[in-house]
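Encoded as structure tokens, the structure appears first; notes follow it.
The values are calculated or read from the model by the stated rules, or taken from the named source; none is laboratory data. Note that the structure is a prediction, hence the values are computed from the model and not measured. Reconstructed Cβ throughout: ideal geometry from the backbone, glycine too, with neighbour counts over all protein chains shown.
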């Protein structure tokens, strides 16, 4: 039984990825996040839920993260770590001043992802065959928007992290990539659309329609659509999975964003 770690697994894209990956019988998931109850709810809904593990760990706490992964509960000696989906993150605006969220957003999105990859790196490298690290960046790593300097900077920084680690780790068999979603039907996106609606004095539905009108695909994506790309990159990682592993795709950003960026 091989292990895949998902951070931010309690909701949204992380939860959808858990449901998708759990369909493979030879995979054991570690569902990690700050809040235990959402993780337990996701775990309970998975097939063979007893083989999966939940972990209430804040990825911005590097020492706690390393200690947990090295501990008995992680079980990585018996069930090797072959993939990590570093998906934990927060969104929203920030403004300069005493209530600026810059430090919070950078700490969770960028530093937290860095901590996750660095803590997982030694475990990924000692597993047999090619292994994978995937981070959730954003289409906003491709262009800027007003009022979200911290979020845009954090997601752009993740692309630099991916490229650097891809050069460093891929010769050792660890492929490193990023998923770059646009609008996805998640609580984070809904909060952002509601904030725009409030600013314009219009309804949520009208604000969402405005955003969808800008997208060539004509609609926002669903979390399960993101999950299928996670599953694609993690092909062959489950024990007994007869799909070929993705062995040379590294240092890339997968732009799955309804056509909002075509670079």
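The table below gives the values:
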{"read-out": "Subset of the range 88-110 [free of Cβ contacts under 8 Å to residues at least 60 places away in the same chain, closer than 14 Å to residue 156 by Cβ and under 14 Å from the mean Cα position of the chain (by Cα)]", "value": "109, 110"}
{"read-out": "Members of the range 32-66 found to be assigned to a strand (DSSP E or B) and within 15 Å of residue 76 (Cβ to Cβ), listed by number", "value": "32, 53, 55"}
{"read-out": "Checking residue 19 against (1) touching a residue at least 60 places away in the same chain (Cβ under 8 Å); (2) surrounded by fewer than 22 Cβ atoms within 10 Å (Cβ to Cβ); (3) touching a strand residue (DSSP E or B) at 6+ places or on another chain (Cβ under 8 Å), the condition it does not meet", "value": "(3)"}
{"read-out": "Flag for residue 124 being closer than 29 Å to residue 68 by Cβ and surrounded by 13 or more Cβ atoms within 10 Å (Cβ to Cβ)", "value": "yes"}
{"read-out": "Residue within the range 124-131 that is in contact (Cβ under 8 Å) with a residue 60 or more places away in the chain and under 23 Å from residue 16 (Cα atoms) present", "value": "yes"}
{"read-out": "Residue among 207, 258, 221 that alone is touching a helix residue (DSSP H, G or I) at 6+ places or on another chain (Cβ under 6 Å) and buried (at least 18 other Cβ atoms within 10 Å of the Cβ)", "value": "207"}
{"read-out": "Test: residue in the range 173-182 that is in a helix (DSSP H, G or I), more than 24 Å from residue 217 (Cα to Cα) and at pLDDT 95 or above", "value": "no"}
{"read-out": "Residue within the range 196-218 that is closer than 18 Å to residue 175 by Cα, out of contact with any strand residue (DSSP E or B) (no Cβ under 7 Å at 6 or more places or on another chain), in contact (Cβ under 8 Å) with a residue 24 or more places away in the chain and assigned to a helix (DSSP H, G or I) present", "value": "no"}
{"read-out": "Enumeration of residues in the range 47-77 that are farther than 28 Å from residue 187 by Cβ and free of Cβ contacts under 8 Å to residues at least 12 places away in the same chain", "value": "63, 67, 70, 71, 72, 77"}
{"read-out": "The range 171-188 - residue that is without any contact (Cβ under 8 Å) to a residue 60 or more places away in the chain and surrounded by fewer than 23 Cβ atoms within 10 Å (Cβ to Cβ) and, of those, nearest to residue 16 (Cα to Cα)", "value": "185"}
{"read-out": "Condition met for residue 159 (touching a helix residue (DSSP H, G or I) at 6+ places or on another chain (Cβ under 8 Å), surrounded by fewer than 22 Cβ atoms within 10 Å (Cβ to Cβ) and in contact (Cβ under 8 Å) with a residue 60 or more places away in the chain)", "value": "yes"}
{"read-out": "Residues of the range 228-248 satisfying the condition of being exposed (fewer than 15 other Cβ atoms within 10 Å of the Cβ), closer than 24 Å to residue 167 by Cβ and in contact (Cβ under 8 Å) with a residue 12 or more places away in the chain", "value": "232, 247, 248"}
